[in-house]
Each structure stands twice: as structure tokens, then as C-alpha cells.
1. Kindly rank 437-443, 397-403 from highest to lowest mean number of other beta carbons found within 10 Å of each residue.
2. log₁₀ I(q)/I(0) of segment 277-431 at q = 0.09, 0.17 Å⁻¹, via Debye over equal Cα point scatterers, no solvent, to two decimals?
3. By its C-alpha gyration tensor, with a ≥ b ≥ c as the square roots of the eigenvalues, how is segment 234-328 shaped: rounded for a/c under 1.5, else prolate for a/b larger than b/c, else oblate?
4. Please compute the Kirkwood hydrodynamic radius over segment 80-143, one decimal place, Å, based on all pairs of different Cα atoms.
5. Can you give the convex hull volume of the alpha carbon atoms of segment 123-193 per residue, in Å³?
6. Which value, in Å to one decimal place, does the Kirkwood hydrodynamic radius take for segment 444-503 when every pair of different Cα atoms is included?
7. Tell me the Rg and the Dmax, in Å, that the Cα atoms of segment 394-496 produce.
8. Using 1/(1 + (r/R0)^6) with R0 = 41 angstrom and r between the beta carbons of Arg490 and Asp365, what's the FRET efficiency to the nearest 0.05?
Amino acid sequence: MNSTTNSATNSTASPRALPATFAAADLGATSGRVVLGRVGDGRLDLTEVHRFANTPVRLPSGLHWDILGLYQGVLDGLREADRSGPIASIGIDSWAVDYGLLDRTGALLGNPYHYRDPRTDTVAEEVREKIGAAELYRITGVQHLPFNTVYQLAAATGTPQLRTARHLLLIPDLLTYWLTGRIGAEATNASTTGLYDTRAGTWSATVTDSLGLGAGLLPRLHHPGDATGTLLPEAAAHTGLPSGTPVTAVASHDTASAVVAVPADRPGFGYISCGTWSLAGLELDAPVLTEASRAANFTNELGIDHTVRYLRNIMGLWLLSEAQRTWRAQGKQHDIGPLLSRAASAEPFTAVIDPDAPEFLAPGDMPARIAAFCERTGQRPPADQGALVRTILEALALAHARTLRRAAELAGRDLDVIHLVGGGSRNDLLCQLTADAARLPVVAGPAEATALGNVLVQARAHGLVGDRSRMRRLVADTQPLRRYTPRGDRSAWASAAGRIGLT
């Protein structure tokens, strides 16, 4: 393993464009923040100006997002951004699939549901009776996940909110509407819903008709880099920004933004956007809609420039964060530094788990659930915190390697490097284990890939950067990256995966 940070060059910025500052509102599953990005003259740097919690609320009706609190956090962040000088534009990204419903006056019809709410657990079969699983995949190319928007809408059939609704807005589009008064749907996020025709590039009438959705519920689509509006007077008054401040569509699905900032310099790369979820896959020019791809549960989602993010969702560092939350409540050690130190010295492969097992999806006592999984599969549960953390990270490394290997097979591609971006890139042990499991070098960083991608799309819309290769070159030239080379025994990883049939 070695660490390198390259100095910037001027080849990636337009000599005619002066540097400018962009505000990126980046909403994750546990927190949101507003970040300022300065771009121009070979420069790309970020400054976080405001961070706020994203804490779901459990009501008698189920698990919901505190969407008004999130919007207030964005407004407060933009007010802090205004104190730093002129802002060229604002962009918003967030997680996928969840949405708010508006009535004919534009009022929000209840707090949006959280994708981890269990109301969708039993509706997939109902949707498949209306439109077969193979046909749904042929149209949408989307991985089957129980919380996809198509299943959320099926679960909402007959509710007063859905009967009354005139517009469905995904989370970034809802916040953009409140900032600008403009209704629309950004395409990279729309492509995650199970309602989007991946070949036609439009909403699928076949799918929406099968659900009985009203005409006009799904807004007109737009794409990364499009102008979506300017700040309304109310938003401008709260933030201090001029009412004419532009809001620019970015790749509003956070993974799509993260892939923009993958610092790849050649085609043969795989990527892992690693945070609460791990999204592992390839960047392709066309979707893979074969029956083998459907059986392997890969998704085809849009990236910038009409590329395809061919990937699978893996449960990700959610398992570790839930374990930490449980230990915190129990008064045990929960700080990540000491836990990772203990995991690094723990014995390898004391237990093997499937991170995508359904019992790991909902919030709860993750150490107890992992112990129960081990007992059910005839294994001894991890003996202490260090062993449990190592079990989680080894499981993620195996899933990363397995997923990328299968993606390459299905797409007919060769891989020679893995780029691991997002918060997980700070986890040295996870990065090294991923390199070991995949038998490929791993380039870790940038940790702030989502915010960087958000800023870069805005900067390109304003003429400050060029095509994707130049955007990625700018990331590589300005952000700290670390390289991990495979080590250890290949057969040990194969043996571990074979224990529970995850070869």
C-alpha cells in the first residue's frame, strides 16, 4: 500500500473561464450537508459549511423521513454558503427511490416514507402478477429490491394520498421544487425507480398503466447540467442569496454523482461507491438486459452523458454503523478507530456472513442478528467486537469482489483496477481486504466523491471543465488517493466464500 497525492495541472480547466464557487447540497441516509466547491484553473477543492442530522421518524403509520427538517438544513447551509461570497449555482443530490406526493396546489401530502419501512415487503408478487418479472426487467433494467419506487407505489394503492396526488417528486426534485417552484424529474434518479424505460429514455407507460397511476403524476424529465430554475423570493430571503441564483440539475442520485468523480484514466475499471450501501459495478454505453443479468439481480441505471451504471446494491457499512449504534446504547466501545484496530489483529474468517441477507435490512441489534445468522448456518458467532467488525468487513470485501467479477462476466468486460470512493475509502482495512478478495489493485478515494461529482456537473454546465475524462483527470490531479495491492492467499478467500455458498 502506498499513498500519493498529485499536484494539479491546468489541462482540465478552460483557459477562458475564471474560477467559480458552487454549492452542493448532499443528502445521505444519516446526515446531510452543504459543501462549497471551488473550480477553475486546475483547481477543485471542497469546503463543508454546514452539516445536519438526517434522523428518520417512526410514526403510527410507519418509518418516515423528516423532510421538512432536511429542507431546513439545506436552507441553513445555503445561508452559511452565502457568507463565503458569490455562488454560481446550487445542486442537490440524495439517495434514490423515495418520494413525496403533491396535491393540485403543490402542497405536500404527508411525510415521505423511508425505504426501510416494511410496508413493501409483500407487494412485489402483486406487481409481478400485473407485469411479469422478466417483462419488468426488460423495460426498466432495474435490480429487484423490495423498496424500489414501483413497489412503494403498489403499497400505496388506494390510499387517500395517492388518490389525491397530482405530482410525484423524488427527494432531490422535491427540494428543488421548494427552492425554485419548478416541477421536474432528474433522469439518473428516475432510472432507479422501476418506472423508467431504460431503452426509450422515458417513463414507461406499460409500468405506470399496470399500477393505475394517473396521467401527469410523473414529471417531465431533465438531465444533469440542465438549468432547473432560480431561487424563489422566500428561499432567497432565508439564505441571503440573490433570488436569481441558478439551481442546476446534477446527477441527483448520489451514486451517479459519485461515479462522476471516479478518478479513472482508462476504460477497464470497476467502481465501488461505499457508504451506508456499497454500489459496485461498471460504467457502460448500453444496458445489459439479458435473462442472465436479471437472474444475477444487476441494475442498469443512468449516469451522466447517457452512460449506464451497471451495478448491484450491497448492504454496505450499514451493518457496521448499526453495530456501533447498538454498542453505544449498551455503553460499550463504539468508536471506529479502536474497533478497526481490534479488527485488523483479529483472526481471519472466524465466521462468514452474507451482507445482503434480508434480516440485516431493517434497523436493529446488528450484533445479535449476525450471531443468529452464524448459528443458523452452523458457524460459531464472532467472540468479541474486533472479531465481529472483521467479519463484517470480510463479508463486504467478498461481496465487492463477487459482484464486480460477475458484472464483468455479464457485460463482457475485462477489469484491471477497482476504484473505491465514498466514506468507505477512508477504511484502510476494508480497502485492503477488497483488494485481497478481488485479486486486483484498489485505488481508494476520493472520500467526498458524491459532493465532488455534484460540483463538477455544475462546473461543466458553466463551462469550467470539459468532458468526463477531463473531469476525472481533475479529480485525480487534485484529490488524495491511495493504492492497495492484493496480498495473502487466494484460496483462503475462495474457501471462506464457499462456506455459505457465496462463490
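FYI, it's all coordinate maths here, none of it is from the lab. Every value quoted in this text rests on a predicted model; they were computed, and no experiment measured them. Because the Cβ atoms are built from the backbone with ideal geometry, glycine has one as well, and the counts that use them run over all protein chains shown.
1. 397-403, 437-443
2. With no solvent term, the Cα-only Debye profile gives -0.33, -1.00.
3. oblate
4. Every distinct Cα pair counted, the radius reaches 16.1 Å.
5. 100 Å³
6. 14.5 Å
7. Answer for segment 394-496, Rg first and Dmax second: 15.6, 52 Å.
8. The calculated FRET efficiency here is 0.75.
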